[in-house]
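Taking it in order: structure first as structure tokens, then the write-up.
The values are calculated or read from the model by the stated rules, or taken from the named source; none is laboratory data. What you see is a predicted model; the values in this text were computed from it and never measured. Neighbour counts are summed over all protein chains in view; Cβ atoms, including those assigned to glycine, are modelled from backbone coordinates with ideal geometry. Quick note on the areas: whole protein, heavy atoms, side chains included, nothing else; ligands and nucleic acids left out. Shrake-Rupley method; radii C 1.70, N 1.55, O 1.52, S 1.80 Å.
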Amino acid sequence: MNLIMFGPPGSGKGTQSNNIINNFNLKQVSTGDLLRSEIKIQTDLGKKIESTINNGELVSDDVVNTLIKKIISDPKNFNRLIFDGYPRTITQVYSLEKLLIEFNQKISIVFYLHVDKEIVSKRVNGRVICSKCFRIFNVYLNPPNAKNHKCEKKYLEKRIDDNSKTILNRYETYVTKTKSILDYYKKMKLLLEIDGNQKIAEIYHKIKGILENIRD
Ligand code: AMP
């Protein structure tokens with residue numbers, strides 16, 4: 001099965017995707033992570049998109065669709081992808097649809113994690129990510145400690161775009177683009193709305209129950 005995790009920044013898409021891959025034989029594709037790694041190793045693409053990402057704006061559809069095509073076309077990933085942060089525009093929705101048809105696959109479900117703006121702000125401001133094991137923590141809500149995180153503290157990093165100024169821009173961008181995407185997946189009868197304001201474990205419990213009943 002292929003899944004889409006949809007929701008605003010800080011809605012828990014990455015955290016829940018991490019939980020899912022620990023229990024199901026699926027692979028997470030975060031377009032945000034792919035783009036950040038281009039910046040980290042300063043590829044030509046990375047240099048071009050750095051300021052766009054740091055300002056909280058969307059990277060062009062062409063760039064993102066090309067990255068996604070590489071992943072969908074890889075036979076190792078056949079029918080086992082969790083799209084985290086993609087698609088984010090209606091053009092990306094149509095491009096994904098075309099790619100899935102071309103590579104003989106489909107989306108089984110779209111989880112829409114619905115979260116209040118105040119909670120998004122708290123989650124994003126507190127977010128830290130381990131650059132070694134890629135686990136996501138929150139210094140206020142889910143702090144890393146000796147029990148839940150084995151890597152050294154020096155690997156914990158804050159994203160440059162996780163700050164109060166940029167988060168508002170990212171949230172507004174999300175809201176502007178959202179409606180047509182949600183309408184599309186609702187029409188396709190693939191959209192499942194989940195209250196993302198709940199605790200991580202409660203949300204995952206719901207997601208797990210649903211995935212266990214999907215047979216393709
Ligand atoms: P994320 O890690 O999903 O919060 O994404 C971080 C940033 O990467 C976003 O604010 C955008 O600048 C860029 N980005 C990630 N995914 C996409 C996408 N599907 N389309 C365009 N830009 C994206």
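List of remarks:
- Residue ID - farthest from ILE71 (Cα to Cα), chosen from residues in region 1-29 that are in a strand (DSSP E or B) and either within 12 Å of the ligand (Cβ to nearest atom) or in contact with a Cys (Cβ under 7 Å, 6 or more places away or on another chain) (or both): PHE6
- Qualifying residues in region 155-200 (those that are within 23 Å of LEU141 (Cα to Cα) and among the basic types (Lys, Arg)) - the one least open to solvent (accessible area, probe 1.4 Å): ARG170
- Residues of region 120-140 classified as open to solvent by 100 Å² or more (accessible area, probe 1.4 Å) and either out of contact with any His (no Cβ under 7 Å at 6 or more places or on another chain) or small (Gly, Ala, Ser) (or both), total: 4
- Per-region count, region 8-19, residues open to solvent by less than 10 Å² (accessible area, probe 1.4 Å) and touching a strand residue (DSSP E or B) at 6+ places or on another chain (Cβ under 6 Å): 2
- With a requirement of 3 or more residues that are within 19 Å of GLY56 (Cβ to Cβ), the strands (runs of 3 or more DSSP E) lying completely within region 97-200 that satisfy it span 127-130.
- Complete set of residues in region 104-119 that are surrounded by fewer than 16 Cβ atoms within 10 Å (Cβ to Cβ), on the phi < 0 side of the Ramachandran plot and not basic (Lys, Arg): HIS114, ASP116, GLU118
- Of all the criteria given as (1) aromatic (Phe, Trp, Tyr); (2) touching a Ser or Thr at 6+ places or on another chain (Cβ under 6 Å); (3) open to solvent by 10 Å² or more (accessible area, probe 1.4 Å), the one not satisfied by TYR86 is (3).
- Selected residue [more than 10 Å from the chain's Cα centre (by Cα), surrounded by fewer than 16 Cβ atoms within 10 Å (Cβ to Cβ) and away from the ligand (no atom under 14 Å from the Cβ)] from THR66, THR43: THR43
- When the residues of region 134-176 are filtered to those that are of a type in the set (A, V, I, L, M, F, W, C) and under 23 Å from PHE6 (Cα atoms), the one that is modelled with the lowest pLDDT is LEU168.
- Hits in region 149-206 - residues which are within 16 Å of the ligand (Cβ to nearest atom), aliphatic (A, V, I, L, M) and touching a strand residue (DSSP E or B) at 6+ places or on another chain (Cβ under 8 Å): ILE181, LEU182
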